[in-house]
1. Quickly run through the range 168-192 and pick out the residues that are open to solvent by less than 40 Å² (accessible area, probe 1.4 Å), of a type outside the set (Val, Ile, Thr) and either within 16 Å of the ligand (Cβ to nearest atom) or under 13 Å from the mean Cα position of the chain (by Cα) (or both).
2. For Gly165, only one of the following conditions fails: (1) outside any helix (DSSP H, G or I); (2) within 12 Å of the chain's Cα centre (by Cα); (3) not charged (D, E, K, R). What is its number?
3. Taking the range 122-152, which residues are among the acidic types (Asp, Glu), surrounded by 14 or more Cβ atoms within 10 Å (Cβ to Cβ) and in contact with a helix residue (DSSP H, G or I) (Cβ under 6 Å, 6 or more places away or on another chain)?
4. Return yes or no: is Ser195 surrounded by fewer than 16 Cβ atoms within 10 Å (Cβ to Cβ), in contact (Cβ under 8 Å) with a residue 40 or more places away in the chain and among the polar types (S, T, N, Q)?
5. Of these, Arg129, Arg193, Arg198, which one is over 16 Å from Asn69 (Cβ atoms) and either at pLDDT 95 or above or touching a Pro at 6+ places or on another chain (Cβ under 6 Å) (or both)?
6. Check off (1) farther than 15 Å from Phe14 by Cα; (2) surrounded by fewer than 17 Cβ atoms within 10 Å (Cβ to Cβ); (3) within 16 Å of the ligand (Cβ to nearest atom) for Trp95 and give me the number that stays unchecked.
7. What's the total number of residues in the range 107-121 that are surrounded by fewer than 22 Cβ atoms within 10 Å (Cβ to Cβ) and within 16 Å of the ligand (Cβ to nearest atom)?
8. For the range 44-81, which positions are away from the ligand (no atom under 16 Å from the Cβ) and open to solvent by 30 Å² or more (accessible area, probe 1.4 Å)?
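The values are calculated or read from the model by the stated rules, or taken from the named source; none is laboratory data. All values derive from a computational prediction rather than experimental measurement. Note that each Cβ is placed from the backbone with ideal geometry, even for glycine, and that neighbours are counted across all protein chains shown. To get the accessible areas, we keep the full protein, side chains included, count just its heavy atoms, and leave off ligands, DNA and RNA. Shrake-Rupley method; radii C 1.70, N 1.55, O 1.52, S 1.80 Å.
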Amino acid sequence: MAIRLHGISSSRAFRSIWAAEELGIDFDHVATTFGADSKEDGYLAVNPNGRIPALEEDGFNLFESMAINLYLAKQHGPEGFYPSDPREEAQTWQWSVWGISEIEPLQMEIVIQKFFLPEDKRDARVVARAEKGLARPLKVLDAHLEGRDYLLGDSVTIADINLAGVMELLNMIGFDTSGWPNADRWLAACRGRNSYARAKARD
Ligand SMILES: N[C@@H](CCC(=O)N[C@@H](CS)C(=O)NCC(=O)O)C(=O)O
């Protein structure tokens, strides 16, 4: 069976669609939404969390975008895209987990305020606090990217696609990263890849 990847690209499934496109993987894209589709029994058998994305391959099911991407890169990616050196591999995990834990919760607070709550329930102070909070991880990322094109050095790897994929939500909420020029340049380079445009065009 071919690889089947569930999830619409205008969601966090974008991260895995982007990775699959970047890795040049032949996959069936199932445009499962984060609404009713993801709560149907057939889908819950693949991802009992009822969230997108999820991957199926020969009876093997996997959920969590970062896990899916790390698996795809290691198992199916071109040489070098998933590092063979254990320390570089660990740094790949580091940046993937860091994005989910240090960036994701803050950007989600902004997403909820801007897109999900009715106007009368929105609180500008929550947005301001989350935006202020983002300055801390962005400073770390910016310092790390000083003198480096990509997270692990000269070449793009799955670490970049994972972190830039998480940070795609910042793009969606129009968060200005120009105050962190290295991070901003790196994000622009990641988003300039053909795979990014192909993933965006999936829905
Ligand atoms: N940590 C998960 C988050 C997945 C997630 O929350 N996806 C949202 C769409 S952006 C979803 O499926 N929501 C439906 C729901 O929570 O019922 C991942 O990175 O894969």
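1. Those that are open to solvent by less than 40 Å² (accessible area, probe 1.4 Å), of a type outside the set (Val, Ile, Thr) and either within 16 Å of the ligand (Cβ to nearest atom) or under 13 Å from the mean Cα position of the chain (by Cα) (or both): Glu168, Leu169, Leu170, Leu187, Cys190.
2. Of everything listed in (1) outside any helix (DSSP H, G or I); (2) within 12 Å of the chain's Cα centre (by Cα); (3) not charged (D, E, K, R), Gly165 misses just condition (1).
3. Keep residues of the range 122-152 that are among the acidic types (Asp, Glu), which gives 123, 131, 142, 146, 149.
Still in the list and also surrounded by 14 or more Cβ atoms within 10 Å (Cβ to Cβ): 131, 142, 149.
Within the range 122-152, just Asp142 meets the criteria.
4. On the way: surrounded by fewer than 16 Cβ atoms within 10 Å (Cβ to Cβ): no; in contact (Cβ under 8 Å) with a residue 40 or more places away in the chain: yes; among the polar types (S, T, N, Q): yes.
For Ser195, the condition - surrounded by fewer than 16 Cβ atoms within 10 Å (Cβ to Cβ), in contact (Cβ under 8 Å) with a residue 40 or more places away in the chain and among the polar types (S, T, N, Q) - is not met.
5. On the way: Arg193 fails: over 16 Å from Asn69 (Cβ atoms); Arg198 fails: over 16 Å from Asn69 (Cβ atoms).
That would be Arg129, the only listed residue that is over 16 Å from Asn69 (Cβ atoms) and either at pLDDT 95 or above or touching a Pro at 6+ places or on another chain (Cβ under 6 Å) (or both).
6. So Trp95 meets the others, but not (2).
7. Step one: list which residues in the range 107-121 are surrounded by fewer than 22 Cβ atoms within 10 Å (Cβ to Cβ), which gives 108-109, 111-121.
Imposing the further condition that a residue be within 16 Å of the ligand (Cβ to nearest atom) reduces the set to 108-109, 111-117.
Count: 9.
8. Within the range 44-81, the first condition is being away from the ligand (no atom under 16 Å from the Cβ), and the residues that meet it are 57-60, 74-81.
Selection gives Asp58, Gly59, Phe60, Lys74, Gln75, His76, Pro78, Glu79, Gly80.
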